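Enquirer: One structure is given below, represented as structure tokens, and several questions about it will come after.
Each value in this text was obtained by applying a stated rule to the coordinates, not by laboratory testing. Predicted model, so just to flag it, every value in this text is computed and none were measured. All Cβ positions, even for glycine, are placed from backbone atoms using ideal geometry, and neighbour counts span all protein chains on display.
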Amino acid sequence: MSSAVTGPAQGHAYRKGSEFVTTHGAQLPPFCVRCGDPPVMEPLKRTYYWHHPALYLMIIFPGLLIYAIVALIVRKKMAVAIPICNAHLEGYKSKRRIGGALMIAAIPFAITVSVFASDLAGWAWLMGILMLFAGAIVFAVGS
């Protein structure tokens, strides 16, 4: 009796349509994952977490706190070493710097404008909140 193979062997990376698929323990080839140039440094070590998409329904019904607790409990994770060239590494770092600067500057901006132009306090706080969210998005995209 032979057992059926359900997928690629342990430790492989491959392309499935437009998606990049990697199994646990896979070693990526020594080329930048963005452009194919040789990397000029050690690969970036990243840990990725995920859970079943149906858990997002918990945000709507029980609430955000319950969702966060359950997602932390049932999430799966995988560590990956990602080879990247110097040009793409610099782009990655600059997006993280910009996102971090926006998030750090958001609240002092809102407080400063509110103090010196009290008639614009509402708009200043709205801009501060938008800067905070924009910084978080830029930081996440850069990651």
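Enquirer: For the chain, set up a Gaussian network in which alpha carbons nearer than 10 Å are linked by springs, and say which option among Gly100, Gly63, Gly25 fluctuates the most.
Expert: Among Gly100, Gly63, Gly25, the largest mean-square fluctuation in the Gaussian network model of the chain belongs to Gly63.
Enquirer: Further, regarding this structure: GNM, the chain, Cα, under 10 Å: largest mean-square fluctuation among Val70, Val40, Val21?
Expert: Result for the chain, Cα springs under 10 Å: Val70 fluctuates most.
Enquirer: Tell me, in nm to one decimal, what length is gained between Val74 and Leu126 on full extension, where the rule is 0.36 nm per residue of separation less the Cα-Cα distance?
Expert: Extra length from Val74 to Leu126 when fully extended: 15.2 nm.
Enquirer: Using the Karplus equation 6.51 cos²θ - 1.76 cosθ + 1.60 (θ = phi - 60°), what ³J(HN,Hα) coupling, rounded to whole Hz, does each residue of the range 19-32 give in order, writing x for Gly and Pro?
Expert: After applying 6.51 cos²θ - 1.76 cosθ + 1.60, I find 9, 9, 10, 9, 9, 4, x, 6, 10, 6, x, x, 9, 4 Hz.
Enquirer: Using only the alpha-carbon atoms of the chain, report the extent along each of the three principal axes, biggest first, to the nearest angstrom.
Expert: Rounded to whole Å, the extents work out to 78, 45, 24 Å.
Enquirer: What distance in nm separates the two pseudo spin-label positions at Lys95 and Lys45, each 7 Å out from Cα along the beta-carbon direction?
Expert: It is 2.3 nm.
Enquirer: Further question on the same structure: Which helices pass in the chain if a helix is a full DSSP H run, must span at least 30 angstrom along its long axis by Cα, and must have mean Kyte-Doolittle hydropathy not below -1.0?
Expert: 86-116, 121-142
Enquirer: Let me ask another. What's the extension gain from Ala140 to Arg34 if we count 0.36 nm per residue and subtract their Cα-Cα distance?
Expert: Full extension from Ala140 to Arg34 adds 36.4 nm.
Enquirer: Quick one: grab Rg to one decimal and Dmax as a whole number for the range 11-84, Cα atoms only, in Å.
Expert: 16.3, 48
Enquirer: Describe numerically, in nm with one decimal, the distance between label points set 7 Å from Cα along Cα→Cβ at Ile82 and at Ile104.
Expert: The answer from the label model is 2.3 nm.
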